[in-house]
Structures are given as structure tokens and as C-alpha cells.
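Let me begin by presenting the structure, written as C-alpha cells, before commenting on it.
Just so it is clear, none of the values below were taken in a lab; they were calculated from the coordinates. Not measured: the values here are computed from a predicted model. Neighbour counts run over all protein chains shown; Cβ positions are idealised from the backbone, glycine included.
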Amino acid sequence: MSESVTNWAGNIVFGALRLHHPGSVEEVRDLVAAGGPLRVLGSGHSFNRMADTTGDLISLAGLPRVVEVSADRKSVRVDGGIRYGELAVRLQEEGLALHNTASLPHISVAGAVATATHGSGVRNANLATAVSGLEFIDGSGNMVVLTRDNADLSGAVVGLGALGVVTALTLDVVPAFSLRQYVYDAVPRASLVGHLSEMLADGYSVSLFTDWTGLDANMAWLKRTEPMSGPWFGAQPADGPRHPVPGMPAQNSTDQSGELGPWHTRLPHFRMEFTPSAGAELQSEYHVAAADGLAAIDAVASIRSQVASVLQVCEIRAIAADSLWLSPNYERDSIALHFTWIADTAAVEPVVAEVERVLAPLNPRPHWGKVFTMAPADVRAAFPRFQDFAELVRRYDPAGTFRNEWLDAILG
Ligand SMILES: Cc1cc2nc3c(=O)[nH]c(=O)nc-3n(C[C@H](O)[C@H](O)[C@H](O)COP(=O)(O)OP(=O)(O)OC[C@H]3O[C@@H](n4cnc5c(N)ncnc54)[C@H](O)[C@@H]3O)c2cc1C
């Protein structure tokens with residue numbers, strides 16, 4: 001390519017020969033028919049080489065936008081290039097909502113579900129669980145349509161881009177709802193020890209943040225319907241708006257005044273019109289069983305000075321169990337420990353390996369879209385349905401059109 005294409009964080013320069021911007025599904029089909037290697041690039045917010053290729057990249061951002069609400073108003077069909085931020089506004093206009101969002105609205109729906117992107121909430125499963133229908137062009141150029149009647153759907157939704165080009169998705173929707181957001185400072189370690197699951201369940205969506213310079217959590221962000229006042233588990237209400245990352249401008253964050261507002265203006269931490277998070281960063285994340293949440297916190301605490309030396313912020317969230325084969329929440333109510341690192345791969349990777357070492361006894365499952373150093377065999381072993389997924393890849397992409405080095409290593 002004449003100009004190098006990178007992921008959002010800039011830590012990955014894609015080795016692709018060309019970046020295509022098809023304007024129709026037919027053009028996508030022609031690109032696949034021309035042969036691989038091919039990969040789809042969503043909004044590029046993943047931090048590893050999963051979207052990389054030595055062949056051609058396809059961006060679906062230029063496809064005509066599709067937002068088709070079903071007659072019973074229980075689902076919406078969208079195109080494979082739409083971002084959550086755009087979809088959320090359209091759904092709100094229709095009086096509808098998604099059950100949850102990630103921390104940012106900037107990501108594409110297809111890319112997010114391919115990696116099992118999630119928000120928080122003990123009763124909220126990840127975003128991929130909303131997918132009731134998947135339309136993709138497989139490695140042989142066939143248009144495949146899967147719905148919940150087809151057993152393959154549970155394997156194909158969190159598909160890592162390995163089965164084909166997802167050109168449309170159908171998502172469950174719910175009636176629009178409103179939430180308030182509150183931020184609390186300084187959550188005492190004693191509260192985490194005694195009440196972790198109660199705290200994470202005390203709202204529609206709850207996040208705890210820490211920089212690991214101490215054992216208390218620095219902040220709690222609560223998104224809920226009921227108003228709050230006074231201390232919360234020993235933490236004090238913040239005296240003004242906050243950004244999750246220390247030192248970043250609070251204006252980039254969603255409203256924290258406690259006023260009721262539409263779901264899509266409260267569930268994400270970051271506003272669509274600003275850069276989310278820090279910008280200069282790497283990210284990693286590990287999911288453990290909810291019952292092991294405190295053990296995972298203690299494990300990271302045991303190496304906290306190492307972690308703090310390359311960390312911007314760590315976020316702790318709850319995610320409900322699901323039945324998607326490659327979901328880190330597969331048949332396991334989960335607690336996820338997310339790390340926003342400094343933008344220095346060489347300094348961060350040894351610490352990532354240390355985090356993986358201390359979490360290993362808890363059978364952690366990594367976030368597919370973030371930085372991890374776990375051996376591929378350990379990754380495969382962490383996902384009970386991994387071999388079924390590998391079989392699905394062989395069936396839908398027998399010639400390896402969508403394979404790349406990252407996927408070859410993971411699939412083994
Ligand atoms: C600032 C920031 C905040 C984040 N917050 C969260 C969070 O709150 N929760 C969370 O779980 N994650 C979070 N993430 C991670 C992010 O949600 C995932 O990396 C997600 O995959 C990004 O979507 P994307 O469209 O950018 O995907 P990309 O990175 O572009 O692609 C991811 C994978 O999906 C494939 N793919 C993309 N589109 C298609 C398609 N149409 N057909 C087939 N394959 C496709 C790609 O080939 C690739 O393998 C965050 C990332 C950033 C940068």
C-alpha cells in the first residue's frame with residue numbers, strides 16, 4: 001500500500017497489499033471470489049494482529065447503512081460496517097435500545113461481536129449475545145445466513161473474522177430506557193474484600209477502576225435507574241466529573257451528574273464526538289469466573305508495583321454467562337480485569353505475561369481483541385468449544401481465504 005494503515009492505537013501496522021472500500025455487498029462478493037488472503041478491518045480498535053493480512057484488507061465502512069427494525073420491534077437488521085454510535089442514535093429515535101454497550105460507541109458492530117466485546121452488569125451478557133442472525137460471505141464466496149434455529153450460529157458469532165465477511169447482522173433490541181450515572185472516589189479495599197459481588201450488582205452496569213498504586217480502588221462508576229446519595233460502600237461521591245484514565249479531560253466522558261438520560265448517553269464511558277480512553281495506549285483483559293473475582297484481584301495485587309509501573313488504569317467489570325463458543329463468558333458468569341497500559345509494547349509485554357502467570361490458576365480467558373501472550377495451546381484449552389470452532393472454520397473457509405498468521409497460531 002502507498003500509505004501504511006494502522007490500527008486505532010497505532011501499535012499495529014498492517015502488512016496488507018491493498019485496502020478495499022466496497023460500496024455494495026456484490027462488490028464484497030467479487031473481492032472474495034478473486035481469492036485470498038483477505039481480512040476485514042472493522043473500525044480497527046483491536047490491539048493485536050488479528051485483522052492483519054499479507055493479502056488484501058476490506059473495510060465495510062462504505063457499505064450503504066442498513067437499520068431495519070422488525071415488524072414486532074424486537075430486532076434490528078444492520079449492515080456489516082455500521083458503528084454502535086450511529087446505530088444507537090437511530091434506535092433511540094425509534095424508541096428502542098440495545099441491552100448494553102461497550103465503554104466506547106466508536107467501534108463497528110461486526111468487529112465488536114467478532115471479539116465478544118462486552119460492557120458491564122451482572123445480568124448483562126456480552127454484546128455478541130444480542131446477535132440473532134448473521135449474514136456472511138464464506139471462503140467459497142457463498143452467502144451464508146445463520147439464525148438461532150441453526151446450531152452453527154453459537155459458534156459463528158464470535159468468529160474472529162475467520163469464517164467470512166459479515167455483511168449484515170440481526171440484533172435483539174429492547175424498549176428504550178433511561179439511566180443515571182454516578183461516580184464515587186476511593187473505594188476501600190475492605191469493601192472490595194467483603195462486598196465485591198454486591199457492589200458489582202448494585203446497578204444496571206458497574207465498573208471499578210484502580211491504578212494499582214494502592215489496594216483501594218480509585219473510583220466506581222455506576223449506571224442505574226434509582227437515584228443515589230451519600231457514601232457508597234465507604235466511597236465518597238466524586239466532587240466533579242471524572243475520566244476513567246487519570247489526567248485525561250473529563251469532558252470526553254458521558255454525563256455523571258445523576259440526571260436520568262437515554263441509555264446510549266450513559267452506558268458508554270466515552271462520548272462519540274471525542275477520542276475515547278487515552279489514545280496512546282495498549283489494552284489487555286482477562287475474564288475469570290465471577291466466584292474467583294476477588295482471587296483475581298488479589299493475584300494482581302501480589303504484583304501491583306510491576307503492574308502500576310506500566311499501567312494507566314485497570315477496570316473491573318461483571319458479565320453474565322452465555323452459550324457462544326468463543327465467548328470468554330461461555331457458561332460462566334464472569335468478572336473481567338481490564339488493563340489500559342502505556343503505549344510501549346516492549347515494556348508492557350513482560351508485565352502482561354506476569355499478569356497471565358498469576359491469573360493462570362484461575363483459568364483466565366483473554367479478550368480476543370487485546371494484547372495477550374498466553375501460549376496458543378493454553379488459549380485453546382481455556383475455551384471448551386474451541387475444537388468445534390476450528391471445525392467450523394474448516395467448513396466455512398476450506399481454502400483458508402481468511403487465515404492469517406495470528407489465526408494460524410491460535411487455531412494450531
Ligand atoms: C478505547 C477502546 C475501548 C475499548 N473498550 C472495550 C470495552 O468496553 N469492552 C470490550 O469488550 N472491548 C473494548 N475494546 C476492544 C474492542 O471492542 C474490540 O477490539 C473490538 O473488536 C473492536 O471492534 P472493531 O470494529 O474496531 O474491530 P477490528 O479491530 O477492526 O476487528 C476485530 C476483528 O473482527 C474482524 N472483523 C471486523 N469486521 C468484520 C466483518 N464485517 N466481517 C468479518 N470479520 C470482521 C476483523 O477481521 C478482526 O479479526 C476497546 C477498544 C478500545 C480501542
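Report the normalised scattering of the stretch 178-369 as log10 I(q)/I(0) at q = 0.14, 0.17, 0.20 Å⁻¹, calculated by the Debye formula with identical scatterers on the alpha carbons. Treating every Cα as an identical point scatterer, log10 I(q)/I(0) equals -0.80, -1.20, -1.60.
An ellipsoid equivalent to the stretch 13-59, defined through the eigenvalues of its Cα gyration tensor, has semi-axes of 19, 12, 8 Å when rounded to whole angstrom and sorted largest first. For the stretch 36-79, the normalised intensity computed at q = 0.18, 0.19, 0.28, 0.34 Å⁻¹ comes to -0.67, -0.70, -0.96, -1.15 (log10 of I(q)/I(0), Debye sum over alpha carbons, equal scatterers, no solvent). Note that the stretch 85-98 has calculated 3J(HN,Hα) couplings of x, 6, 4, 4, 5, 5, 5, 4, 4, 8, x, 10, 8, 8 Hz, one per residue in order, obtained from phi through the Karplus relation 6.51 cos²θ - 1.76 cosθ + 1.60 (θ = phi - 60°); glycine and proline are x. Along each principal axis, taking the top coordinate minus the bottom one, the Cα set of the stretch 213-287 gives 35, 33, 27 Å in descending order.
For Gln387 and Glu94, the difference between the fully extended length at 0.36 nm per residue and the C-alpha to C-alpha distance is 101.4 nm. Per the Debye formula on identical point scatterers at the alpha carbon atoms of the chain, with no solvent, log10 I(q)/I(0) at q = 0.06, 0.07, 0.15 Å⁻¹ is -0.22, -0.30, -1.49. Taking 1.306 mPa s as the viscosity and 10 °C as the temperature, the Stokes-Einstein diffusion coefficient of the stretch 299-395 based on its alpha-carbon Kirkwood radius rounds to 109 µm²/s. Evaluating kT/(6 pi eta Rh) at 20 °C and 1.002 mPa s, with the Kirkwood radius of the stretch 136-177 over Cα pairs in the Stokes-Einstein relation, gives 186 µm² s⁻¹. Modelled spin labels at Ala61 and Glu26, positioned 7 Å past Cα toward Cβ, are 2.5 nm from each other.
The phi torsions of the stretch 291-297, fed into the Karplus equation with coefficients 6.51, -1.76 and 1.60 and a -60° offset, translate into couplings of 5, 9, x, 5, 4, 5, 4 Hz, rounded to whole numbers, with Gly and Pro shown as x. Binning the alpha carbon pair distances of the stretch 84-143 at 5 angstrom intervals from zero yields the distribution 4, 16, 24, 23, 17, 8, 6, 2, 0, expressed in whole percent.
Take every Cα pair under 8 Å whose residues are at least 6 apart in sequence, average their separation, divide by the length of the chain, and the relative contact order is 18 percent.
Taken about its Cα centre, the stretch 67-176 carries a charge dipole of roughly 280 debye when the Cβ of each Lys and Arg holds +1 and the Cβ of each Asp and Glu holds -1. Based on the inverse mean of 1/r over its pairs of different Cα atoms, what is the Kirkwood hydrodynamic radius of the stretch 67-176, in Å? Hydrodynamic radius (Kirkwood, Cα only) of the stretch 67-176 equals 13.9 Å. Counting only Cα atoms, the size of the stretch 244-347 along its three principal axes is 35, 34, 24 Å, in decreasing order.
Computed packing ranks the peptides 244-250, 177-183 as 177-183, 244-250, most packed first, by mean other Cβ atoms within 10 Å. Of the GluC sites (Glu not before Pro) found in the stretch 329-412, those that fall in a DSSP loop while having at most 14 other beta-carbon atoms within 10 Å are Glu331. Remark: spin-label model distance Ala377-Arg395 equals 2.8 nm, labels positioned 7 Å along the Cα→Cβ axis. Between Arg123 and Val69, the modelled label-to-label distance comes to 2.3 nm, taking each label 7 Å out from Cα in the direction of the beta carbon.
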